[in-house]
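Working notes, beginning with the structure itself.
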Amino acid sequence: MLDAIDLTRAKDGDPPLLIHRIRLSLRAGDRLALIGPSGSGKTILLRALAFLDPLDEGAIFWRGEQVGGNRVPVFRSRVVYLHQRPDWTAGTVEQVLREPLSLEVHRHRAFSRDRIVGWLSRLGRSASFLEQSTRDLSGGELQLLALMRIVQLDPNILLLDEPTAALDPTTTSAVEGWLMDWCDQAADRAYVWVTHDMVQATRVSRRVIRMERGELVAPTATPSGLPQSRRYPSQE
Amino acid sequence: MSFLGKKIPVHEYIELSYGQVALAAVLILVNAAISILLHLKMERLLFIAAGRTVVQLLMVGLVLEWVFRWEKWYAVIGLGTVMTMIAVWTVLYQRTWRYSGDWFASMTAMWLSAWSVTAYVLALVLHGSAPWYTPQYAIPLLGMVLGNSLNGIALGMNAFTESIVAQRGQIESLLAVGATRWEASREAMQHAMRTGTMPIINSMLVVGLVSLPGMMTGQLVSGMEPIQAVKYQIVIMFMTASATALGTVLAVVGSFYRLFNQDHQLLIHRIRPVDRRAAR
């Protein structure tokens, strides 16, 4: 679905390269984990894949067509980047969820309260969560809201930047299960999951890629002895 | 209501000598006394400010005398150009946030808004026997328009850049789910437009109630009939209002095109805060 060719970003054109000639292809059903030390360029790469920043070199192809110009909004409605630290105007949870639906690319969608309530119960929250003000939410709850906000748009690819960093272990495993199920529910879905936790990486992905100093290094083999998720056996 | 039929006695204005101006300068000693008594330490600044008032205005007076006497269209255009460039420079100096290439937005906004509105008024509203470039009309009108448009442009551009920086997270979270650059920046643009045009609208609401506008005061002192002076003032208010709105919208849209590219990306790295201490 998504092909990234030689993605390169340099800081203001100076030598310290943020990411360097990255080639990456995402196919339907891909569940990819991206790990690497802080500052290795994981966030920059995810943002580049969503075409959020100007590239110094390289190009992104979506279903065979190069992404650019007026095609960008539609592309970003299909390939959605989840910010590490979500930020919205103050309002209730429901208002934040409805906001993207007012955009031109999503205007044909209706807000589905039942669907959200279903997800909430799976994530251990009640329907009253929808009426809460975003100002009263904890960091973890903001992450849940951010996830539901983009998943309700039925994108093809999720670019998840440490989506469970602020969550407790119970909610983390609920989110992992929910997103893996989401990925399996339709044929044309995939995600890239950035995490610092190697155990989580092997749990949620079929392929782990490591990033170092702005470059992808050879896929790391799953270290033996790490617990594989029992509830979600590999489906390869 | 018989007094309405009576002709208003119009007196010639009093020609001021330099001695009379010096008498007025005594008034500034009040400021100096306050500063010294209250230890405000503003004497030096006050002295410079008073000096600049005298020197700058005298210089402008000399230039105006020359242009008014000459009455050539290119002298008027030339003086107008200098005035516009100073206005552009003032806008850039008033900025709290800068972005690379901001001079272009303020320059086009200033030129287009002030010159088009002044041209409209000179060519159509004040259409009479005098040619359009008569300095007596062209120069003061352009000056009034520039002064107001300048404020709108500076306020609008500052507000826009500032909200882009403050709402960066919201703007990017909208772009990330497929918003166009217009959709993502709409709130910041509306806020900037309101900020830029609010002062002129406020002054339209209270004009005449709180104080008499400077231009009208001048016309009354020089002996113009009040109703005539008021008519002129109404023309001026509408001129400045439309030039301010036009200038603000041009400046904000120009900034928008500098800060968002055709690929619907926010170019936040172009923005940097102005370090006032470094500038001094």
Give the Kirkwood hydrodynamic radius (Å, one decimal) of the stretch A:40-173, defined as one over the mean of 1/r across all pairs of different Cα atoms.
16.0 Å
Along the Cα→Cβ direction, 7 angstrom out, place labels at B:Q262 and B:L124. What is the inter-label distance in nm?
3.5 nm
What whole-number distance in Å separates the alpha-carbon centres of the stretch A:135-178 and the stretch B:107-158?
55 Å
Quick note on B:K7, A:K42, ordering by fewest other C-beta atoms within 10 Å, gives B:K7, A:K42
Ranked from fewest to most other Cβ atoms within 10 Å of their own Cβ, B:Y120, A:Y191, B:Y18 fall in the order B:Y18, B:Y120, A:Y191
Measure nothing fancy, just the Cα-based angle from helix B:102-120's long axis to the longest principal axis of chain B, in degrees from 0 to 90, nearest 10.
40 degrees
So for the protein assembly as shown, what are the equivalent ellipsoid semi-axes in whole Å, largest first, each being the square root of 5 times an eigenvalue of the Cα gyration tensor?
63, 24, 23
Over chain B, what is the relative contact order in whole percent, taking alpha-carbon pairs under 8 Å and six or more residues apart?
26 percent
Can you work out ³J(HN,Hα) from phi for every residue in the stretch B:48-59, in order, using Karplus 6.51 cos²θ - 1.76 cosθ + 1.60 and θ = phi - 60°, giving whole Hz and x for Gly and Pro?
4, 4, 5, x, 5, 4, 5, 5, 4, 5, 5, 5
Taking B:I234, B:I14 and counting other C-beta atoms within 10 Å, the order from fewest to most
B:I14, B:I234
Over the stretch B:1-70, one equal point on each Cα, no solvent: what is log10 I(q)/I(0) by the Debye formula at q = 0.22, 0.25, 0.27 Å⁻¹?
-1.02, -1.14, -1.19
Compute a Gaussian network model of chain B, connecting alpha carbons closer than 10 Å, and tell me which residue from B:H39, B:H264, B:H127 fluctuates the most.
B:H39
What's the angle, to the nearest 10 degrees (0 to 90), between helix B:135-166's Cα axis and the longest principal axis of chain B?
30 degrees
Taking a straight Cα-to-Cα line shorter than 17 Å from A:K42, and setting aside same-chain lysines fewer than 8 residues away, one finds A:K11
Note on the stretch B:125-280: contact order normalised by length, alpha-carbon pairs under 8 Å, 6 or more apart, percent, works out to 36 percent
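Read the figures in this text as sums done on the coordinates, not as results from a lab. Worth saying up front: this structure is predicted, and the values here are computed from it rather than measured. Here Cβ is always computed from backbone atoms with ideal geometry, including for glycine, and neighbour counts include all displayed protein chains.
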